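*Asks:* Take a look at this one; I'll ask things after.
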Amino acid sequence: MAKNVSRISSVPQRSSLRAEVERMLSAAIVAGELAPGIVVSVPELAARFGVSATPVREAMLNLENRGFVSSVRNKGFRVTPVGEDDLQELVQVRCWLEVPAARLAAADFPMDQMDRFRALADDIVQTAAAADFADYLAADTAFHLALIELTGNTRLRNVVADLRSQTRLVGLASLKDTKELKRSAAEHHLMLDLLADGKADEVAELMETHIGHVVGWWAGRSETD
C-alpha cells in the first residue's frame, strides 16, 4: 500500500462507520492519494482506520459498485484505472447540466442565502490550503449541489450528485500548495460575485471552465490562462 496516504487515519466515532470509511477512501481515490493499480487489503485499512474489518469491507464493496476498485482474490481490492473517455463523458454531461443551472441561479439568486454560500466557499478555500482532500471534496460537493438546488429540481440535484460521485481527480493530491489548487478554490467566491451581479453569461463560462479542471489540472495537464 502507498506510504504517502497520510489522510487515511483513525476514523472519528460519528455517524455510520461504513459511510465514514467510504467517504475517506473515496476521497483518497478521487484525489489520487490512492493511485490506480494499488492493491489495498481490508485488514490493513481496518488497522489504519482503527475500526473492525466489517465497515471497511462494506465500504470497499460499495466502492466496487461505483467502479472505484475491483476485488483481487486473497489480496484485497485494486484501485481501478481512470478511463480518458469516461472522464471526458462525465465532464461533458456535467457541463450540459451544471452550466444551464448556473445561468438560472444568476437570473434570480437569493441574496438572503449569500452568507451560507460564502461560508461554503470559505470551507473550500480553507480545506484546499490545508490539503485536506476529504473535507475539500465534501465542501466542493456541498457548494455545487447547493447551487443546483436553487433550480428547485430535486431530480437534477440527484443526477449531478451521482455524476460527481463517479468523477475521479487523480492529479488533485499532487497539486498541494500550488497556484492551480488555490485558483480553483477561489473560483467559488468569484462565482458568487457573478451570481450576485446577475451576470449569467460570465458565471456560465466560469462554471464550464471550472468543471473542465477535471480533464485539465486534476488530470495532470496544463491549462491555458
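The values are calculated or read from the model by the stated rules, or taken from the named source; none is laboratory data. On a predicted model such as this, the values are computed, not experimentally measured, just so you know. Because the Cβ atoms are built from the backbone with ideal geometry, glycine has one as well, and the counts that use them run over all protein chains shown.
*Asks:* Can you list residue pairs whose Cβ atoms sit under 8 Å apart, with the first residue in region 179-194 being more than 14 Å from residue 122 (Cα to Cα) and in the same structural domain as residue 145 (by TED's automatic domain parsing) and the second being in a helix (DSSP H, G or I) and charged (D, E, K, R)? Count only pairs 6 or more apart in sequence or on different chains.
*Replies:* Here the result reads 194/202, each pair linking region 179-194 to a residue that is in a helix (DSSP H, G or I) and charged (D, E, K, R).
*Asks:* While we're on this one: What is the residue count in region 48-93 for residues that are under 18 Å from the mean Cα position of the chain (by Cα), under 18 Å from residue 215 (Cβ atoms) and assigned to a helix (DSSP H, G or I)?
*Replies:* Matching residues across region 48-93 total 9.
*Asks:* In this structure, is residue 82 surrounded by 15 or more Cβ atoms within 10 Å (Cβ to Cβ) and at pLDDT below 90?
*Replies:* Values: surrounded by 15 or more Cβ atoms within 10 Å (Cβ to Cβ): yes; at pLDDT below 90: yes.
In short, yes.
*Asks:* Can I ask one more? If the requirement is being under 22 Å from residue 202 (Cβ atoms), more than 18 Å from the chain's Cα centre (by Cα) and in the same structural domain as residue 210 (by TED's automatic domain parsing), which of these qualifies: 102, 146, 121?
*Replies:* When all the criteria are applied, what remains is 102.
*Asks:* Do the conditions hold for residue 198, that is, is it of a type in the set (Gly, Ala, Ser) and not in a helix (DSSP H, G or I)?
*Replies:* For residue 198, the condition - of a type in the set (Gly, Ala, Ser) and not in a helix (DSSP H, G or I) - is met.
*Asks:* What are the pairs, 6+ residues apart or on separate chains, where a residue within region 160-175 that is within 16 Å of residue 83 (Cα to Cα) has its Cβ under 7 Å from a residue that is of a type in the set (Ser, Thr, Tyr)?
*Replies:* 164/141
*Asks:* Another one. Collect the residues in region 162-176 that are surrounded by fewer than 16 Cβ atoms within 10 Å (Cβ to Cβ) and either outside any helix (DSSP H, G or I) or in contact with a His (Cβ under 9 Å, 6 or more places away or on another chain) (or both), keeping them in residue-number order.
*Replies:* Residue satisfying the conditions is 176 alone.
*Asks:* Give the residues of region 60-118 that are at positive phi and polar (S, T, N, Q), sorted by residue number.
*Replies:* 74
*Asks:* Follow-up. Does residue 128 count as surrounded by fewer than 19 Cβ atoms within 10 Å (Cβ to Cβ), in the same structural domain as residue 178 (by TED's automatic domain parsing), at pLDDT below 95 and under 21 Å from residue 209 (Cα atoms)?
*Replies:* Against the criterion (surrounded by fewer than 19 Cβ atoms within 10 Å (Cβ to Cβ), in the same structural domain as residue 178 (by TED's automatic domain parsing), at pLDDT below 95 and under 21 Å from residue 209 (Cα atoms)), residue 128 does not qualify.
*Asks:* Just a yes or no: is a residue in region 42-59 modelled with pLDDT of 90 or more and closer than 30 Å to residue 156 by Cβ?
*Replies:* Yes, some residue in region 42-59 is modelled with pLDDT of 90 or more and closer than 30 Å to residue 156 by Cβ.
*Asks:* Next question, about the same structure. Contact list please: Cβ distance under 8 Å, first residue in region 65-80 and closer than 11 Å to residue 29 by Cβ and among the polar types (S, T, N, Q), second residue outside any loop (DSSP other than H, G, I, E, B) and modelled with pLDDT of 90 or more, pairs at least six apart or on different chains.
*Replies:* Hits for this filter: 80/69; 80/70.
*Asks:* Also, quick follow-up: Could you please let me know if residue 10 is in contact with a Gly (Cβ under 6 Å, 6 or more places away or on another chain), over 30 Å from residue 200 (Cα atoms) and at pLDDT 85 or above?
*Replies:* It is false that residue 10 is in contact with a Gly (Cβ under 6 Å, 6 or more places away or on another chain), over 30 Å from residue 200 (Cα atoms) and at pLDDT 85 or above.
*Asks:* Let me ask something else. Give me a count of the residues in region 177-199 that are over 21 Å from residue 134 (Cα atoms) and surrounded by fewer than 18 Cβ atoms within 10 Å (Cβ to Cβ).
*Replies:* Total meeting the criteria: 6.
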